[in-house]
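Trainee: Before we start, here is the structure in question, set down as structure tokens.
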Amino acid sequence: MDPNSDPKRCEQGELTSAYALQAQPVEETAIARAHIASCGDCERELESLRSVIDRFVAWPTDVLRPTRSLQERLALRIAEDTGADPVPPPARQWSEPEWEKVAPGIECKLLAADAERQRISMLVRVAPGASYPPHTHAGVEELHLLDGELWIDERKLLPGDYNYGPPGASDEHVWSETGCTCVLVTSTRDVLR
């Protein structure tokens, strides 16, 4: 049965889907929240969507969010199929940094830099079998593993694990058999060997 032909279906059901995905413009969030709170159908729809969305939480956002050009092509295709005007993707209010290849099999996405304290925070992706060169910490290094597995010398980290590296400590062998993604906060003065 076509869900659009169901007379019991709330006409604002798409609003609930967009709200669940946090895909509507910011100014429409309060409107969606108020409607869902007052509509039993939409409230049930939101609950059913949450279990699906929760499974995607560990996925990198660049996998979940299509590029702007893809969003534009999809809007045009949907408009052609429905005969409606194309709905362009919302304007980005923040430009997400790009992944940069820093070594074979290793990519970083800079999140923040503090030049005064010589500290940076970044997301790091390590491809399966890739390794990071031996290095000595110039300052505190903090690493939180998001997915995959990472070996730091003889210690194997799993998703959710945290690693603290004090200033002056050395990591001789950092590698991933499976590939991984982590959040890394470290000094910009670390010494590679």
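Every number here is computed from the coordinates shown, using simple stated rules; none is lab data. Since we're looking at a predicted model, the values are computed, not measured. Cβ sites come from the backbone with ideal geometry, for glycine too, and all protein chains shown count toward neighbours.
Trainee: Fewest first, what order do TYR162, TYR19 take by the number of other Cβ atoms within 10 Å?
Mentor: Ranking TYR162, TYR19 by Cβ neighbours within 10 Å, fewest first, gives TYR162, TYR19.
Trainee: What is the calculated FRET efficiency for VAL183 to ILE53, with r their C-beta to C-beta distance and R₀ = 22 Å, to the nearest 0.05?
Mentor: The pair VAL183/ILE53 has a calculated efficiency of 0.55.
Trainee: Using only helices, what value at 222 nm comes out for the chain when you add -39,500 (n - 2.57) per DSSP H run of length 4 or more and divide by the total residues, to the nearest 500 deg cm²/dmol?
Mentor: Numbers: 5 runs with 53 residues, N = 193.
That calculation yields -8000 deg cm²/dmol at 222 nm.
Trainee: Right, next: Please compute the modelled spin-label separation between SER95 and SER69, points set 7 Å along Cα→Cβ, answer in nm with one decimal.
Mentor: 1.6
Trainee: A further question on this structure: Considering the dipole of the chain built from charges on the beta carbon (Lys and Arg +1, Asp and Glu -1) around the Cα centre, which of GLY83, TRP175, CYS39 is farthest to its positive end?
Mentor: Of the listed residues, the answer is TRP175.
Trainee: How do ASP81, ASP147 line up, fewest other C-beta atoms within 10 Å first?
Mentor: ASP81, ASP147
Trainee: A further question on this structure: May I ask you to compute the full-extension gain from ASP41 to VAL26, defined as 0.36 nm times their residue separation minus their alpha-carbon distance, rounded to one decimal in nm?
Mentor: Values: separation 15, 0.36 × 15 = 5.40 nm, distance 2.28 nm.
Contour length minus the Cα-Cα distance gives 3.1 nm.
Trainee: Which value, to two decimals, describes the C-alpha radius of gyration of the chain once divided by 2.2 N^0.38 Å?
Mentor: In units of the 2.2 N^0.38 Å rule of thumb, it is 1.37.
Trainee: Relative contact order of the chain, please, whole-number percent, based on alpha carbon pairs below 8 angstrom and at least 6 residues apart.
Mentor: 16
Trainee: Roughly speaking, what is the stretch gain from VAL140 to VAL102, that is 0.36 nm per residue apart minus the C-alpha to C-alpha distance, in nm to one decimal?
Mentor: Here the segment from VAL140 to VAL102 would lengthen by 11.6 nm.
Trainee: Can you list the GluC sites (Glu not before Pro) in the stretch 125-193 that are in a DSSP coil and have 12 or fewer other beta carbons within 10 angstrom?
Mentor: The qualifying sites are GLU154, GLU172.
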